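Engineer: This is the structure I have questions about; it appears just below.
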2 protein chains.
Amino acid sequence: MKKKILEVLKKNKNNFISGEQLSNQLGVTRTSIWKHVNALKEEGYEIESISRKGYKLIKEPDILSRDELLIELESDRLGNDIHCFKTIDSTNNYAKKLALDGALEGTIVISEEQTGGRGRLGRHWVSPAGDNIYMSMILRPTIYPNEAAKITIIAAASIANSINKVTGLEAGIKWPNDIIIDNKKVCGILTEMSAELNNINYVILGMGVNVNIDKFPKEIDHIATSLKKALGTEVSRKEILINIVKEFEELYYNFINTGSLKKTVDICKKKSVTLGKIVNIINKNEIMIAEAIDITENGELVIRKDNGEIINIISGEVSVRGIDSYV
Amino acid sequence: MKKKILEVLKKNKNNFISGEQLSNQLGVTRTSIWKHVNALKEEGYEIESISRKGYKLIKEPDILSRDELLIELESDRLGNDIHCFKTIDSTNNYAKKLALDGALEGTIVISEEQTGGRGRLGRHWVSPAGDNIYMSMILRPTIYPNEAAKITIIAAASIANSINKVTGLEAGIKWPNDIIIDNKKVCGILTEMSAELNNINYVILGMGVNVNIDKFPKEIDHIATSLKKALGTEVSRKEILINIVKEFEELYYNFINTGSLKKTVDICKKKSVTLGKIVNIINKNEIMIAEAIDITENGELVIRKDNGEIINIISGEVSVRGIDSYV
């Protein structure tokens, strides 16, 4: 019911709507309306209430609450179910447990803080409370396990696009899974999957976006940035998050429905900070130094090795000369 | 303590050991010994107790209990921890949850019955209580996700070898994941993994072995068999299970330590019911008909298509003409 009241207030933002009207429309008592409005005020919503006039929503807080996001996303696909936490060990871990218990494609897990936030290869991802986005999404794509890397670059394209749309900042993509501003990392993507040998059970798409964080731990301060640091003003986490989900939804279902990754690859090429650069590629115990020359229609990175040999790589840990990076 | 008493009784099988000796050796009262011996009797152990002489283990039941298997496997690698259930939805699902919570390589999950037993692609695996083996093992191999198929064929080789050792029956391997006797399926393997793009978090190796089941549901009766049906007498589930774990342990660590799959491939070739046959290979919406001509050193199946083209396949759903199969 709180969600329904919020929905009506948002639709009538900056206008009064009477308690009576709300009561009739939603079929609950005016006392019940009053209680829920108070609860919303406690969450940070600025709501004016004047007797005879009713309630007026003046300002919405930048909170990532289930009600707020369900209303804003309005999707029966991505964001059809949303789990929000104040604190959690890792949104990817929680999403895995939900997926194991049968949660549907599009289920989203968000936390204000992660106590055990992870990047690739189990590395720590700095996840303090309140300023950033830590989100994981459950996907069940009908693709082969060796195609899972495509999900990562679809996410990278969506995030870079969204940051640009909401803030105007130029966000670059360091193939395959980092978003870069001013040569520093502003977002990382961690894609994990559960699979049989040639069938994916589910993919967990996790991301950490540094939105309004001011201070990073000393070890990563020179290689990490946030949208606020780059822009000079606070950025709405809610707006970034909603844009990312919507952009991703479009590119993801375009890929699933057509089998083509063209739209994503076009964005990744345009926004790449990797192409034309010398890169180090680390795969377990092997290190290759090569020039990144192209991204294929399947999202693979094409590199030219010292000896002139040209090969495609599907995934791997890539560092680009001149761009620092962590995790 | 019960496990320790059982361990001593097993070491002295068919000989009396006095309550006093047990009490001294294990540092507990004779009353406590007596209570644990009674508990063992209730589990099905035949133990003679004569005053002044003590206790004598005469016969062990064919039960898959944690104590029994920990003693028999005596391993700090595979079987270092064992979870036994009377009934569970699926041993693979439970193993996944344990793995997610950090369970180590070698953890084993066994159930007398599965209420939601699964084969590949989520198909049902008939899992009635008491007669068969339903086992899942947690592995954390340092290999790439696209190598996970190797774990399946290592398991196939181990199971076929173990069945032969314990029963004398010729068990064939239908590449990559079925064990066949008399052209019918006696065991299926379900390998699942959790992975990042180029790093495996864990592999769950699941298997269902039809040991002493007499009757199958009508739908699969013509394509399924059990060791008992093939041999004509009951077979010890415990012996089969222990042999499988030990054989697998040897082949698996040989592969992990040397990087070579030769030992496994040699067994798979020798016991193959696929090579030289016409096979249908189904991969999602694609069906290929071809002759299976070899297995590579990496465990891939080499097939010759109608047009003469020779290709290697890593995994897929294979049916062999003349051999029925389910799941």
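The values are calculated or read from the model by the stated rules, or taken from the named source; none is laboratory data. Quick caveat: nothing in here was measured; it's all calculated off a predicted structure. When we count neighbours, we look across all protein chains shown, and the Cβ atoms used for this are built from the backbone with ideal geometry, even at glycine. All accessible areas refer to the heavy atoms of the entire protein, side chains included, with ligands and DNA or RNA removed. Shrake-Rupley method; radii C 1.70, N 1.55, O 1.52, S 1.80 Å.
Engineer: If you scan the stretch A:110-138, which residues turn out to be under 22 Å from A:Asp81 (Cα atoms), more than 14 Å from every other protein chain (Cβ to nearest Cβ) and either assigned to a strand (DSSP E or B) or open to solvent by 10 Å² or more (accessible area, probe 1.4 Å) (or both)?
Structural biologist: Matches in the stretch A:110-138: A:Ile110, A:Ser111, A:Glu112, A:Glu113, A:Gln114, A:Gly130, A:Ile133, A:Tyr134, A:Met135, A:Met137.
Table: residues versus (1) over 28 Å from B:His83 (Cβ atoms); (2) in the same structural domain as B:Thr87 (by TED's automatic domain parsing); (3) within 27 Å of the chain's Cα centre (by Cα); (4) among the β-branched types (Val, Ile, Thr).
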residue	(1), (2), (3), (4)
B:Asn14	yes, no, no, no
B:Arg30	yes, no, no, no
B:Trp34	yes, no, no, no
B:Ala39	no, no, no, no
B:Glu43	no, no, yes, no
B:Ser51	yes, no, no, no
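Engineer: Looking at B:Leu241, is it of a type in the set (A, V, I, L, M), open to solvent by less than 70 Å² (accessible area, probe 1.4 Å) and away from chain A (no Cβ under 14 Å)?
Structural biologist: Taking the combined requirement at face value, the residue satisfies it.
Engineer: Further question: For the stretch A:93-109, enumerate the residues that are assigned to a loop (DSSP other than H, G, I, E, B) and within 11 Å of chain B (Cβ to nearest Cβ).
Structural biologist: Residues satisfying the conditions are A:Asp101, A:Gly102.
Engineer: For A:Leu261, which of the numbered conditions (1) within 20 Å of the chain's Cα centre (by Cα); (2) not assigned by TED's automatic domain parsing to the domain that holds A:Lys150 fails to hold?
Structural biologist: Of everything listed in (1) within 20 Å of the chain's Cα centre (by Cα); (2) not assigned by TED's automatic domain parsing to the domain that holds A:Lys150, A:Leu261 misses just condition (2).
Engineer: Quick check, is B:Leu261 open to solvent by less than 10 Å² (accessible area, probe 1.4 Å), more than 21 Å from B:Asn183 (Cα to Cα) and more than 14 Å from every other protein chain (Cβ to nearest Cβ)?
Structural biologist: Answer is yes for this residue.
Engineer: Could I ask something else about it? So, in the stretch A:201-227, exactly how many residues are surrounded by 20 or more Cβ atoms within 10 Å (Cβ to Cβ), within 14 Å of chain B (Cβ to nearest Cβ) and more than 16 Å from A:Arg120 (Cα to Cα)?
Structural biologist: 1
Engineer: Then there is this: Would you confirm whether or not the stretch A:280-291 contains a residue that is hydrophobic (A, V, I, L, M, F, W, C) and in contact (Cβ under 8 Å) with a residue 40 or more places away in the chain?
Structural biologist: Among the residues of the stretch A:280-291, not one is hydrophobic (A, V, I, L, M, F, W, C) and in contact (Cβ under 8 Å) with a residue 40 or more places away in the chain, which makes the answer no.
Engineer: When you look at B:Asp178, is it surrounded by fewer than 22 Cβ atoms within 10 Å (Cβ to Cβ), of a type in the set (D, E, K, R) and away from chain A (no Cβ under 12 Å), yes or no?
Structural biologist: no
Engineer: Now a separate question. Looking at the stretch B:200-216, is at least one residue among the polar types (S, T, N, Q), more than 19 Å from B:Gly117 (Cα to Cα) and not in a helix (DSSP H, G or I)?
Structural biologist: Yes, there is a match, as at least one residue in the stretch B:200-216 is among the polar types (S, T, N, Q), more than 19 Å from B:Gly117 (Cα to Cα) and not in a helix (DSSP H, G or I).
Engineer: Counting only residues that are within 14 Å of chain B (Cβ to nearest Cβ), touching a residue at least 40 places away in the same chain (Cβ under 8 Å) and within 25 Å of A:Ser111 (Cβ to Cβ), how many does the stretch A:181-199 have?
Structural biologist: Looking only at that region, the number is 6.
Engineer: Among the residues of the stretch B:159-171 satisfying the criterion of being open to solvent by 10 Å² or more (accessible area, probe 1.4 Å) and either on the phi > 0 side of the Ramachandran plot or of a type outside the set (Asp, Glu) (or both), which is nearest to the other protein chains (Cβ to nearest Cβ)?
Structural biologist: Within the stretch B:159-171, the match that is nearest to the other protein chains (Cβ to nearest Cβ) is B:Asn161.
Engineer: Has the stretch B:156-173 got at least one residue that is within 16 Å of the chain's Cα centre (by Cα), in the same structural domain as B:Glu247 (by TED's automatic domain parsing), in a strand (DSSP E or B) and at pLDDT 95 or above?
Structural biologist: Yes, the stretch B:156-173 contains a residue that is within 16 Å of the chain's Cα centre (by Cα), in the same structural domain as B:Glu247 (by TED's automatic domain parsing), in a strand (DSSP E or B) and at pLDDT 95 or above.
Engineer: Only one residue in B:Asn307, B:Asn298 is in a loop (DSSP other than H, G, I, E, B), in contact (Cβ under 8 Å) with a residue 60 or more places away in the chain and surrounded by fewer than 19 Cβ atoms within 10 Å (Cβ to Cβ). Which one?
Structural biologist: One residue alone meets the criteria, B:Asn298.
Engineer: Okay, next question. Kindly indicate which of B:Thr87, B:Thr91 is open to solvent by 60 Å² or more (accessible area, probe 1.4 Å), of a type in the set (S, T, N, Q) and under 19 Å from the mean Cα position of the chain (by Cα).
Structural biologist: From the options B:Thr87, B:Thr91, the qualifying one is B:Thr87.
Engineer: Name the one entry in B:Ala195, B:Ala230 that is assigned to a helix (DSSP H, G or I) and open to solvent by less than 40 Å² (accessible area, probe 1.4 Å).
Structural biologist: It is B:Ala230.
Conditions tested, residue by residue: (1) at pLDDT below 95; (2) among the hydrophobic types (A, V, I, L, M, F, W, C); (3) assigned to a helix (DSSP H, G or I).
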| residue | (1), (2), (3) |
| --- | --- |
| A:Ile5 | yes, yes, yes |
| A:Leu22 | yes, yes, yes |
| A:Val28 | yes, yes, no |
| A:Ile33 | yes, yes, yes |
| A:Ala39 | yes, yes, yes |
| A:Glu42 | yes, no, yes |
| A:Ile63 | yes, yes, no |
| A:Asp67 | yes, no, yes |
| A:Ser75 | yes, no, no |
